[in-house]
Amino acid sequence: MDMSDPRLSVEVRQAFLEIIGQLLVADFQVTTEEDAFFQRLVSRLGLTEAQRDQVVKRVDIGTDAELISAKIPLPLRLELQRVLAEAAAADGEIAPRELDLLERVALVMQILNAYPGYGAAPVGD
C-alpha cells in the first residue's frame, strides 16, 4: 500500500499531509522549496484544493503530531517517515525542531518495533 492508493480514506491522506505540514512549520518558517514540496505531495496524495485547504487550516505548531500520526495505517508508517525526512531536508537544512518531530513521530508510530532492524546499528560496528 502506498500513499496514493485510492483505497485510503481522505481522512488518512489528510492526516499524512497534516503531519508533513507540522514538520514544515516546526522551525517557524516555510521556504519556497518546502512549499513546493508540500504542493507536490498534495498532488501525489490525490487531494483536492478544498481538502488541502482543510489541512492547511489545521496545521499548527502547537498541535500534537503524535496523535495525528496514530491515524496512519501500519503499512504506510515507514513511507510517512521517509516522506517526513524528505520534507525536513527540502530546504537543504534539517532544523533541530524538525529533527525532534521526526524522532517523536517515529516513536509514536512504533516504526522501530514494527520493522525489526530499522535504525539498528550495522553488524560489526
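Computed from the coordinates by the stated procedures, all read-outs in this text should not be read as laboratory data. Computed from a predicted model, the values in this text were never measured in an experiment. Reconstructed Cβ throughout: ideal geometry from the backbone, glycine too, with neighbour counts over all protein chains shown.
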- Within the set 93, 79, 18, GNM on the chain using Cα springs under 10 Å gives the largest fluctuation to 93
- Once phi is turned into θ = phi - 60°, what whole-Hz ³J(HN,Hα) does the Karplus curve with 6.51, -1.76 and 1.60 give for every residue of segment 24-30, x standing for Gly and Pro? 5, 9, 4, 9, 6, 8, 10
- Query: Which order do peptides 59-66, 82-89 fall in by mean Cβ count within 10 Å, highest first?
  - Reply: 82-89, 59-66
- Per-residue ³J(HN,Hα) for segment 6-21, Karplus 6.51 cos²θ - 1.76 cosθ + 1.60, θ = phi - 60°, Hz, x for Gly and Pro: x, 6, 6, 5, 4, 4, 5, 5, 5, 4, 4, 5, 5, 5, 4, x
- Item | Crossing angle, helix 96-108 versus the chain [Cα axis fit, 0-90 degrees, rounded to tens] | 70
- Message: Run lengths n ≥ 4 of DSSP H only: what is the helix-derived mean residue ellipticity at 222 nm for the chain, with -39500 (n - 2.57) per run over all residues, to the nearest 500?
- Response: -18500 deg cm²/dmol
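Return the loop-located chymotrypsin sites (Phe, Trp or Tyr not before Pro) in segment 26-76 (DSSP other than H, G, I, E, B) with at most 16 other Cβ atoms within 10 Å of their own Cβ; answer none if there are none. Before the final figure, lay out each step's value.
On the way: sites: 28, 37, 38; in loops: 28.
Within segment 26-76, the qualifying chymotrypsin sites (Phe, Trp or Tyr not before Pro) (loop, at most 16 other Cβ atoms within 10 Å) are 28.
Percentage of Cα-Cα pair distances in segment 10-114 greater than 18 Å, rounded to whole percent? All intermediate terms of the calculation are to be shown ahead of the outcome.
On the way: 2244 of 5460 pairs.
Here the long-distance tail beyond 18 Å is 41 percent of all Cα pairs in segment 10-114.
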